[in-house]
Amino acid sequence: MPVWSRLMRRTPCIALGLDRVETEKGATRRFRATAHWNVVAVIRNEHSDERRLLGDASGAGQLGVLQVAAAALHGMTIPDLGTVFVAGASNLYIEGLADEAAAPVGLTLAVPFDLAVAPLEGSLNEFLT
């Protein structure tokens, strides 16, 4: 069974995946980077294209899901890591997804963070053992 068919047994479906981590230019003793995440939300509405986009009494549409997700995630603080920024939002095409009633949307999230390098509390020989 294809991956998206398994994930979409129940909709709305929300999937999260790490895209990449980009390090900041200019090395220092702190590791500074931005983690980029992809959030995919899929809704289903079999009635019409318009209802898939705008929603109806049976559920939210693509635009509503996108707006709620962006509002909920943008500016959210993850303790001990950083603040989430919505870097992009789009309608998605999922290869192999043959369900015409499905409407996938995606958000790209950016989370800048930095980690302190642990101080050496011994010799390098101790680290190697």
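The values are calculated or read from the model by the stated rules, or taken from the named source; none is laboratory data. Please read all numbers here as calculations on a predicted model, not as lab measurements. Glycine gets a Cβ as well: all are built from the backbone with ideal geometry, and neighbour counts include every protein chain shown. For accessibility, only protein heavy atoms count, side chains too; no ligands or nucleic acids. Shrake-Rupley method; radii C 1.70, N 1.55, O 1.52, S 1.80 Å.
Give the residues of segment 66-79 that are of a type in the set (Gly, Ala, Ser) and surrounded by 13 or more Cβ atoms within 10 Å (Cβ to Cβ), sorted by residue number. Talk me through it step by step, then tell me what you get.
Applying the first criterion (of a type in the set (Gly, Ala, Ser)) to segment 66-79 yields 69-72, 75.
Hits for segment 66-79 are Ala69, Ala70.
Please work out which residue is modelled with the highest pLDDT, limiting yourself to segment 100-129 and to residues that are open to solvent by 40 Å² or more (accessible area, probe 1.4 Å) and within 22 Å of the chain's Cα centre (by Cα).
Only one residue fits best here, namely Thr108.
Taking the residues in segment 1-19 that are at pLDDT below 85, surrounded by 12 or more Cβ atoms within 10 Å (Cβ to Cβ) and hydrophobic (A, V, I, L, M, F, W, C) as candidates, determine which candidate is nearest to Met76 (Cα to Cα).
Cys13
When residues of segment 59-72 are filtered for being in contact with a Lys or Arg (Cβ under 7 Å, 6 or more places away or on another chain) and farther than 18 Å from Trp4 by Cβ, how many remain?
Residues of segment 59-72 in contact with a Lys or Arg (Cβ under 7 Å, 6 or more places away or on another chain): 61-62.
Filter again for farther than 18 Å from Trp4 by Cβ, leaving 61.
Residues in segment 59-72 being in contact with a Lys or Arg (Cβ under 7 Å, 6 or more places away or on another chain) and farther than 18 Å from Trp4 by Cβ: 1 in total.
Which residues, taken from segment 73-99, are over 16 Å from the mean Cα position of the chain (by Cα) and farther than 27 Å from Ser5 by Cα?
Once the filter is applied, which keeps residues that are over 16 Å from the mean Cα position of the chain (by Cα) and farther than 27 Å from Ser5 by Cα, segment 73-99 yields Pro79, Asp80.
So if I check each of Gln67, Gln62, which one is under 17 Å from Thr11 (Cα atoms) and not hydrophobic (A, V, I, L, M, F, W, C)?
Result of the check over Gln67, Gln62: Gln62.
In segment 20-65, what residues are of a type outside the set (Gly, Ala, Ser), surrounded by 11 or more Cβ atoms within 10 Å (Cβ to Cβ) and in a loop (DSSP other than H, G, I, E, B)?
Glu24, Asn45, Glu46
Quick one: what pairs do we get from segment 58-80, first residue under 18 Å from His36 (Cα atoms), second open to solvent by less than 80 Å² (accessible area, probe 1.4 Å) and among the hydroxyl-bearing types (Ser, Thr, Tyr), C-beta under 8 Å, 6+ apart or different chains?
Partner pairs satisfying both residue conditions: Gly75/Thr83; Met76/Thr83; Thr77/Thr83.
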